[in-house]
1. List the residues, sorted by chain then number, that are 5 or more residues from Asp10 or on another chain and whose placed amide H is less than 5 Å from its amide H.
2. Label points 7 Å out from Cα along the Cβ direction at Leu9 and Thr55: separation in nm?
3. Sequence-distant or interchain residues sharing an amide H contact under 5 Å with Trp26, placed H: which?
Amino acid sequence: MEDKGTGRLDRIKLWKNTHYKDTKGWIHPVAEEKYKEMVDIQTTQQAHVVGEENTTQRENAKLCQVVHNLQSQNERILALLKEIIPGATTRIDSPRVPTTPHSSSSPSSPDHESLDDH
């Protein structure tokens, strides 16, 4: 009676197994009606979940395209700046994270200037 995908009890199958017999049919017309309602609800929910997944995939694809376009624009802008003002992008092109570690208590570090120096 477990759902193969989730491993949880499939209550719709349980309903059918307890209210329907191949030899006798449904124990009551209302039991069959409720079964059909449950199947309809389950089908609607599954279609909704698939629709949400497709929407999310489309939105992610759009976001990736926007990021790609922005990166391309930034590369073109940097290339133009290099042509117009040679050396203008040196600081932009340089790594922003130091490649060699330094002591945080170093007095010569620009990040740790004393207030008396100002």
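Values quoted throughout were computed directly from the atomic coordinates according to the rules given, and no laboratory measurement underlies them. For clarity, every value in this text was computed on a predicted model and none was experimentally measured. Cβ: placed from backbone, ideal geometry, glycine included. Neighbour counts: every protein chain shown.
1. For Asp10, whose amide H was placed from the backbone, the distant partners under 5 Å are Glu2, Asp3.
2. Once both label points are built, they end up 3.2 nm from each other.
3. Lys21
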